[in-house]
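Note sheet for the following structure.
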Amino acid sequence: MPRTARAAMGGVIYHVCNRGRNGKTLFRSSDDFQAFVELLIEGTAQASVEVFGFCLMPNYWHMILRPRGKRDLSKYMSWVANTHVKRHRARYPRSLGKVYQGRYESLPVQKGEDFVQLVGYIEAIPLRARFVQRAEDWAFSSLGCEKKPARQLLSAWPVDRPERWKKCVNKPLDNSVRGRLEVSLKRARPLGDDQWSAKIAKKTNTEHKLRPIGRPVKKRAG
């Protein structure tokens with residue numbers, strides 16, 4: 001039975017992510033990382049999307065993008081994932097089983113402070129993982145990639161970029177901000193203020209994502 005298309009809206013920013021199945025390594029070498037960046041660039045010819053940020057790690061990746069039409073997110077991500085799987089298997093024929101854990105996650109993000117904080121959060125992943133001493137030293141993110149790939153792939157932000165952005169990314173996030181971002185990722189819920197999130201959830205039929213975790217507290221009788 002064919003899978004149903006993902007609910008996505010044109011003109012809305014999305015945080016998109018995926019990881020290797022059971023922790024499987026997606027990128028084994030610098031060449032693998034670079035090939036995936038080039039793949040992301042190729043994919044922009046398949047669908048109309050604006051890419052604002054990304055970070056590739058050995059066994060997972062994050063992207064922040066905005067599809068122009070309601071089918072563009074699905075077109076872009078399906079092409080990228082399917083092409084990557086085919087090329088990965090051709091390069092590593094002895095690697096058995098599924099490459100990805102499943103379909104990508106796509107979380108709507110409100111344009112504004114939440115967008116800025118999210119970009120900084122994903123660009124700082126290599127720093128938090130202690131792969132580098134400065135976030136910009138990781139060559140496989142929107143902060144550290146070479147100028148030529150960045151020009152080909154990345155679009156201008158939909159909001160003003162804070163001054164001294166690299167310093168902002170390298171500064172530890174406030175715990176409350178980090179916690180909010182991680183809850184959005186863990187629960188696959190929209191990231192924005194309450195009014196905006198409720199509106200988006202209603203349009204995409206994902207209102208259950210906004211409900212508190214656990215059973216509702218029972219009222220005492222009397």
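The values are calculated or read from the model by the stated rules, or taken from the named source; none is laboratory data. Bear in mind that the values here come from a model prediction, so they are computed numbers and not experimental data. Here Cβ is always computed from backbone atoms with ideal geometry, including for glycine, and neighbour counts include all displayed protein chains.
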Between a residue in the range 168-180 that is polar (S, T, N, Q) and any residue that is in a helix (DSSP H, G or I) and at pLDDT 90 or above, which pairs come within a Cβ distance under 9 Å, given they are 6 or more apart or on different chains? 170/127; 170/135; 170/136
Those residues that are assigned to a loop (DSSP other than H, G, I, E, B) and under 27 Å from residue 180 (Cβ atoms), I need them from the range 71-122; list them, please. 101, 102, 103, 104, 110, 111, 112
Would you check if residue 45 is of a type in the set (A, V, I, L, M) and free of Cβ contacts under 8 Å to residues at least 24 places away in the same chain? yes
Residue satisfying condition, being touching a residue at least 24 places away in the same chain (Cβ under 8 Å), out of contact with any Phe, Trp or Tyr (no Cβ under 7 Å at 6 or more places or on another chain) and within 25 Å of residue 210 (Cα to Cα), within set 16, 12: 12
Among what's in the range 159-183 and is touching a helix residue (DSSP H, G or I) at 6+ places or on another chain (Cβ under 7 Å) and in a loop (DSSP other than H, G, I, E, B), pick the residue that is modelled with the lowest pLDDT. 173
Matching residues, the range 166-201, being closer than 23 Å to residue 144 by Cα and in contact with a Lys or Arg (Cβ under 7 Å, 6 or more places away or on another chain): 170
Being more than 15 Å from the chain's Cα centre (by Cα), surrounded by fewer than 18 Cβ atoms within 10 Å (Cβ to Cβ), modelled with pLDDT under 95 and over 21 Å from residue 101 (Cβ atoms): is that true of residue 23 here? no
Output the qualifying pairs, or none if there are none: Cβ atoms under 9 angstrom, residues six or more apart or on different chains, first residue in the range 199-214 and over 12 Å from residue 9 (Cα atoms) and surrounded by 11 or more Cβ atoms within 10 Å (Cβ to Cβ), second residue at pLDDT below 70 and of a type in the set (A, V, I, L, M, F, W, C). 206/7
Given the conditions (1) over 15 Å from the mean Cα position of the chain (by Cα); (2) modelled with pLDDT of 95 or more; (3) within 17 Å of residue 52 (Cβ to Cβ), every one holds for residue 154 apart from (1)
Only residues that are of a type in the set (A, V, I, L, M) and surrounded by 16 or more Cβ atoms within 10 Å (Cβ to Cβ): list them for the range 151-176, please. 153, 154, 169, 173
Filter the range 133-142 for residues that are out of contact with any Cys (no Cβ under 8 Å at 6 or more places or on another chain) and touching a residue at least 12 places away in the same chain (Cβ under 8 Å); which is surrounded by the most Cβ atoms within 10 Å (Cβ to Cβ)? 135
What do you reckon, is residue 129 small (Gly, Ala, Ser), touching a residue at least 12 places away in the same chain (Cβ under 8 Å), within 17 Å of residue 54 (Cβ to Cβ) and surrounded by 13 or more Cβ atoms within 10 Å (Cβ to Cβ)? no
